[in-house]
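K.L.:
Please find one structure pasted underneath; my questions will follow.
The values are calculated or read from the model by the stated rules, or taken from the named source; none is laboratory data. Since we're looking at a predicted model, the values are computed, not measured. Here the Cβ positions follow ideal geometry from the backbone for every residue, glycine too, while neighbour counts run over all protein chains shown. Note: areas computed on protein heavy atoms with side chains; ligands, DNA, RNA excluded. Shrake-Rupley method; radii C 1.70, N 1.55, O 1.52, S 1.80 Å.
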Amino acid sequence: MYNDSSRPLVFIGSNSNIYKLVELAASANVPVLGIVDDDFHGQGHYKNIPVIAQEQDLSALVDCQFICATNWTPDDASARNRIKRARQLELIEQLDLPLATLISPLASVSAYSKIGAGTAVYAYATIEPEVTVGAHSIVYDYAIVGHESTIGNNVVLQRQVLVTSLITVEDNVYFGLGSRACRSHTTVAQGTFVHPHIMLLRGTEPGEVVSLAGRKTYGEVVVQ
């Protein structure tokens with residue numbers, strides 16, 4: 001169920017921009033109970049949000065719904081967060097926790113699309129008809145997914161990303177700010193990292209980093 005307001009929401013993990021997720025929940029009328037994050041349990045709060053339990057106590061939180069709030073990026077500086085998020089997703093699966101799916105009322109999500117459990121879709125994102133978005137993915141503001149495309153699990157579509165129609169994006173793919181996948185009938189393979197503002201006109205290999213090597217800033221680049 002999308003935007004289920006019948007049960008309080010618990011964030012598993014946290015991130016420095018967690019208020020964005022809090023505001024998404026509020027816009028969908030989903031009440032937030034607090035955070036479960038072993039890193040901050042001793043503090044009692046993280047950014048004024050209650051830290052209500054440790055991960056070992058998750059199974060005791062009954063009648064709640066959950067979403068993983070630990071952000072990840074593909075760069076080396078975020079390696080600890082990637083490991084933490086992967087561990088938390090495994091824990092969610094092991095405990096078979098009920099997951100929240102949050103969709104901003106300001107997003108345009110087709111009734112003929114399917115959004116997976118644990119996924120967040122932010123304001124002004126567009127999900128066209130016959131799109132499937134997998135579990136634990138993040139579709140940020142102004143991102144667009146064209147009709148009949150498939151987005152895998154744990155995928156990040158950053159702000160202003162475009163994935164055109166009839167594209168397959170496999171699991172654990174990260175599209176940087178303003179990047180675009182513009183050739184239909186191609187596959188963006190598992191673990192691909194598309195750098196910001198890259199225009200991708202082909203499929204990728206698993207784990208590929210698509211970037212403009214040797215540049216410190218990103219321009220309008222076509223990769224063929």
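K.L.:
Of the residues Gln88, Gln65, Gln43, Gln94, which single one is at negative phi, among the polar types (S, T, N, Q) and modelled with pLDDT under 95?
P.N.:
Gln43
K.L.:
Here is a follow-up. Within the range 37-90, how many residues turn out to be of a type outside the set (A, V, I, L, M), open to solvent by less than 30 Å² (accessible area, probe 1.4 Å), touching a residue at least 24 places away in the same chain (Cβ under 8 Å) and not in a helix (DSSP H, G or I)?
P.N.:
Result for the range 37-90: 7.
K.L.:
While we're on this one: Could you tell me which residue of the range 98-123 is most open to solvent (accessible area, probe 1.4 Å), considering only residues that are free of Cβ contacts under 8 Å to residues at least 40 places away in the same chain and within 17 Å of Asn154 (Cα to Cα)?
P.N.:
If we take residues in the range 98-123 being free of Cβ contacts under 8 Å to residues at least 40 places away in the same chain and within 17 Å of Asn154 (Cα to Cα), then Lys114 is most open to solvent (accessible area, probe 1.4 Å).
K.L.:
Within the range 150-157, identify whether any single residue is modelled with pLDDT of 95 or more, surrounded by fewer than 18 Cβ atoms within 10 Å (Cβ to Cβ) and either in a strand (DSSP E or B) or over 18 Å from the mean Cα position of the chain (by Cα) (or both), and answer yes or no.
P.N.:
no
K.L.:
Mind checking which pairs have a first residue in the range 141-153 that is closer than 20 Å to Ser27 by Cα and a second that is open to solvent by 60 Å² or more (accessible area, probe 1.4 Å) and not aromatic (Phe, Trp, Tyr), Cβ under 6 Å, 6 or more apart or different chains?
P.N.:
Note: pairs meeting the criteria are Asp141/Arg159; Tyr142/Arg159; Tyr142/Gln160.
K.L.:
Please enumerate the residues belonging to the range 171-211 that are open to solvent by 30 Å² or more (accessible area, probe 1.4 Å) and outside any loop (DSSP other than H, G, I, E, B).
P.N.:
Of everything in the range 171-211, those that are open to solvent by 30 Å² or more (accessible area, probe 1.4 Å) and outside any loop (DSSP other than H, G, I, E, B) turn out to be Arg180, Thr187, Phe193, Met199, Val209.
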